[in-house]
Amino acid sequence: MTEIIRVLELYSGIGGMHCALQDSGIKYEVVAAIDVNTTANKIYRHNFKGTYLIENGIEKLTVTQIDRMKIDMILMSPPCQPFTRVGKKLDVDDLRTKSFLHLLDLLPQLTHCPSYILVENVKGFEESQTRDLLIKALQKCQFHLQEFMLTPLQFGIPNSRLRYYMIAKRLPVNPNYSWSNTEQLCYSVPSVVQPYLRYKILCDTEKRCYHTDKGANPDMISMLSSKKVETISVSQNSDRENISESKLDECTGCTKNKCEEEDWMFVSHNDGEGDSSKTNKEPVLAKRLKTKHSCDTEKEKHSNEDDSKPLCCMCDNESRLMEESQLLRQDDETETYHGKCLHLQHFLEKQSTEYFNKYKLPDKDLKRFIVMDVVFPCIRKTICFTKRYGHYMEGAGSIIQMSTEAEDVTGACQLKKEAVEKKNNKNWGEKEIAIIRKLQLRYFTPREIANLLCFPETFDFPDNVSTIQKNRVLGNSLNVHVVSVLIRLLTMK
């Protein structure tokens, strides 16, 4: 019988780590979750009613309290502000680092030290003094560890969110353990967890999916319903592009053991916690792939001859839209491996036009058009959504263009080009705003952002939480799927 892993969830936020545990398929029990953010705690309690939630600062934790919990695993995403590129980078001198440093002091004093630890934080943490203190504390406690720099784009998810991750397992470990202990950052996960990258696998099948009058390719949906998947190495499949376009070389020393057969294409919802046999599994993306894209019309149905074309990108205007819209992006293209991501459309809500009206950009926001990252449903990448999304434009998250008219994009691109050259956007009047208005720009809904962060469909918000509050806590959260894959890797024998 598999032992249930007792988990302490620190800086629990809205429950991203908890959702990752559900998605990982391991048997677990969240002994306690701790956070001080009242809005995040309200949302956490709404979604995980049976979990013991402590609304005190972590700096108040004692060795005795932690030892009494008899925890096996700590999952945590400490405050990122002391390390983020847009902050002051005060590192250990930032008051918000105090609770994490307190925890590092406690770890070596524990009688019942946990066997597993996972840490998530922003890019920049890897160069901090706080990171050095973390490594020193873990080495003192005899942990086998590995650091990663990963983005959801590598996992087939069309969202750029480059983050630092560290997984640590207490020694001794099996000599044939599934991941190596290196002193260098890894920029990809080892091949042993490749079968669990379900979004990436779905992306490969997406190319064989074609539109019919009933939606997606029925052969594809049949494949999605299968409960078995082969162990696939990216480099071994000639149909796949090489993911290692720059730093994305596979971690050296990682073994290529075949993983056990798994319900890999399902998002797990384990409300009972701890018994994966009772998990309610729901084919979330399979349902989305069955849904036709809004750009489909009767004349755009396709036969088997078109099944090599990407799903939803067979519209008459698609190639022109892709070419024209590049000027509307604010993407620095530092991450060049998003060609293997699913189309954005699979993560968007299927709602009426009236539903989206409240998310349309008002004219006052359209004046910030030249700093927007504008995307449309056929695109394969969005920029990172931050807590400022919805009230700050530049670098806070992508904006959706609902118009599929190439002429509208051409006009907007020309306007932006002229504005960048002449720096005259502050003088825009009704004529210029009317051109931008034709794009039918809107914000992503909180549910759509949650989808890109891979929160399960069962996750939702209390009625008394505003859109701004939702965006703020989602911007402070993490990608559930990426963390769930790392939890699998961490707990492999």
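Annotations for the structure displayed:
- Qualifying residue in the stretch 396-412 (condition: at pLDDT 95 or above and among the β-branched types (Val, Ile, Thr)): yes
- Options Thr64, Thr51; residue that is modelled with pLDDT of 95 or more, farther than 28 Å from Pro456 by Cβ and either touching a strand residue (DSSP E or B) at 6+ places or on another chain (Cβ under 7 Å) or surrounded by fewer than 18 Cβ atoms within 10 Å (Cβ to Cβ) (or both): Thr64
- Checking each residue of the stretch 466-488 against the condition of being at pLDDT 95 or above, open to solvent by less than 50 Å² (accessible area, probe 1.4 Å) and more than 28 Å from Asn37 (Cα to Cα) gives at least one match.
Matching residues to (1) touching a residue at least 40 places away in the same chain (Cβ under 8 Å); (2) surrounded by 21 or more Cβ atoms within 10 Å (Cβ to Cβ); (3) part of a helix (DSSP H, G or I):
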position: Leu101; (1), (2), (3): no, no, yes
position: Asp105; (1), (2), (3): no, no, yes
position: Glu126; (1), (2), (3): yes, no, yes
position: Arg131; (1), (2), (3): no, no, yes
position: Lys136; (1), (2), (3): no, no, yes
position: Leu153; (1), (2), (3): yes, yes, yes
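- Residue count for the stretch 454-473, restricted to those that are under 15 Å from Thr382 (Cβ atoms) and out of contact with any Lys or Arg (no Cβ under 8 Å at 6 or more places or on another chain): 1
- The residues of the stretch 439-481 that are closer than 21 Å to Cys341 by Cα, aliphatic (A, V, I, L, M) and touching a strand residue (DSSP E or B) at 6+ places or on another chain (Cβ under 6 Å), listed by number, are Leu452, Leu478.
- Yes/no for Lys423 being within 23 Å of Ser160 (Cα to Cα) and either surrounded by fewer than 21 Cβ atoms within 10 Å (Cβ to Cβ) or not aromatic (Phe, Trp, Tyr) (or both): no
- Here the condition is being more than 19 Å from Ser398 (Cα to Cα) and under 22 Å from the mean Cα position of the chain (by Cα); of Thr458, Thr467, it holds for Thr458 alone.
- Restricted to the stretch 340-394, and to residues there that are open to solvent by 20 Å² or more (accessible area, probe 1.4 Å) and acidic (Asp, Glu), the residue that is nearest to Cys454 (Cα to Cα) is Glu349.
- Residues that are open to solvent by less than 50 Å² (accessible area, probe 1.4 Å), at pLDDT 70 or above and in a helix (DSSP H, G or I), drawn from the stretch 77-99: Thr97, Ser99
One line per residue, one yes/no per condition, for (1) more than 30 Å from Tyr177 (Cα to Cα); (2) among the acidic types (Asp, Glu):
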{"residue": "Thr382", "(1), (2)": "yes, no"}
{"residue": "Tyr389", "(1), (2)": "yes, no"}
{"residue": "Asp408", "(1), (2)": "yes, yes"}
{"residue": "Val420", "(1), (2)": "yes, no"}
{"residue": "Phe444", "(1), (2)": "yes, no"}
{"residue": "Leu452", "(1), (2)": "yes, no"}
{"residue": "Lys470", "(1), (2)": "yes, no"}
{"residue": "Ser484", "(1), (2)": "no, no"}
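- Residues being out of contact with any His (no Cβ under 8 Å at 6 or more places or on another chain) and in contact (Cβ under 8 Å) with a residue 40 or more places away in the chain - total across the stretch 452-463: 5
- Residue in the stretch 432-450 that is of a type in the set (D, E, K, R), touching a residue at least 60 places away in the same chain (Cβ under 8 Å) and open to solvent by less than 10 Å² (accessible area, probe 1.4 Å) present: yes
- In the stretch 176-191, of all residues being more than 13 Å from Ile487 (Cα to Cα) and of a type in the set (A, V, I, L, M, F, W, C), the one that is most open to solvent (accessible area, probe 1.4 Å) corresponds to Leu185.
- Scanning the stretch 428-446 for residues that are charged (D, E, K, R) and touching a Lys or Arg at 6+ places or on another chain (Cβ under 9 Å) yields Glu432, Arg442.
The values are calculated or read from the model by the stated rules, or taken from the named source; none is laboratory data. Here the structure is a predicted model, which means the values were calculated and not measured. Ideal geometry is used to build each Cβ from the backbone, glycine not excepted, and the neighbour counts take in all protein chains shown. All accessible areas refer to the heavy atoms of the entire protein, side chains included, with ligands and DNA or RNA removed. Shrake-Rupley method; radii C 1.70, N 1.55, O 1.52, S 1.80 Å.
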